[in-house]
């Protein structure tokens, strides 16, 4: 059997694909045609646009492509469960496209799609690792992993709230690209110690800009929100081994925030663990024994 296949990470706002030969990347492509921009009937075309004739083999996909609004709904595996749940869902159409299941939690209710593949990839690269994985993004996931399984997890909407406030609220007028690490760290400490003040501290960003031309509002806003997130997830990260998986700049911010609270965290590259997770899923598909 050929070792050629296609890895696919299909999120809400983007689509990324890699031409693979076993675990080796031969080529890659991406587009902005994420799940949120497509109707179910448009998924085959969006994928075909990125694939050249020399890309061969089945497509192993993760992410929102398997959501209810995606190409086809893939089921959820309930925690506690393997980071790489059994049973791929085949998408309708002429091409062999298989979608990795998401993971759900009954109480408190929570779901993930795509992050489970990153968890599986991290564990494939770090066998025997136990602890907490933080996956920052639009909806940040805090995942408790033990003995190769996802035990529990919590989703925090800090990323989406940050995007809404910086793009659609009155605070957008005070957002400048003047990042400052000290301002960020101070804001994290502020909401960790007094999270109940967050809702009033937000407007102070606008007032401080208007009255005193205070700089670094973006840094402070990010710190306020991440500080509130750390306060809400303290039971996950306090006293635990923590690794942060995601985009470099955002992951560094989380690592810095955790480190300031005496919780040193390691950082892993999101692309690397995503590919490792998709590769693990392909290997299971190829040899299900």
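The values are calculated or read from the model by the stated rules, or taken from the named source; none is laboratory data. Everything numeric here is computed off the predicted structure, so don't read it as measured data. Here the Cβ positions follow ideal geometry from the backbone for every residue, glycine too, while neighbour counts run over all protein chains shown.
Remarks
- If the condition is being surrounded by 23 or more Cβ atoms within 10 Å (Cβ to Cβ) and closer than 14 Å to residue 260 by Cα, then region 225-234 contributes 226, 227, 230.
- Those residues of region 85-140 which are within 12 Å of residue 243 (Cα to Cα) and either more than 17 Å from the chain's Cα centre (by Cα) or not assigned by TED's automatic domain parsing to the domain that holds residue 67 (or both), in sequence order: 126, 129, 130, 131, 132, 133, 134, 135, 136
- Yes/no for residue 125 being surrounded by fewer than 19 Cβ atoms within 10 Å (Cβ to Cβ) and free of Cβ contacts under 8 Å to residues at least 24 places away in the same chain: no
- Only strands (runs of 3 or more DSSP E) whose full extent lies in region 1-63 are considered here, and the ones with at least 1 residues that are under 18 Å from residue 115 (Cβ atoms) and touching a strand residue (DSSP E or B) at 6+ places or on another chain (Cβ under 6 Å) are 4-10, 15-21, 59-63.
- Residues of region 244-289 that turn out to be within 18 Å of residue 229 (Cα to Cα) and more than 14 Å from the chain's Cα centre (by Cα), as a count: 13
- One residue from 187, 217, 280, 204 being surrounded by 13 or more Cβ atoms within 10 Å (Cβ to Cβ) and either touching a residue at least 60 places away in the same chain (Cβ under 8 Å) or touching a strand residue (DSSP E or B) at 6+ places or on another chain (Cβ under 8 Å) (or both): 280
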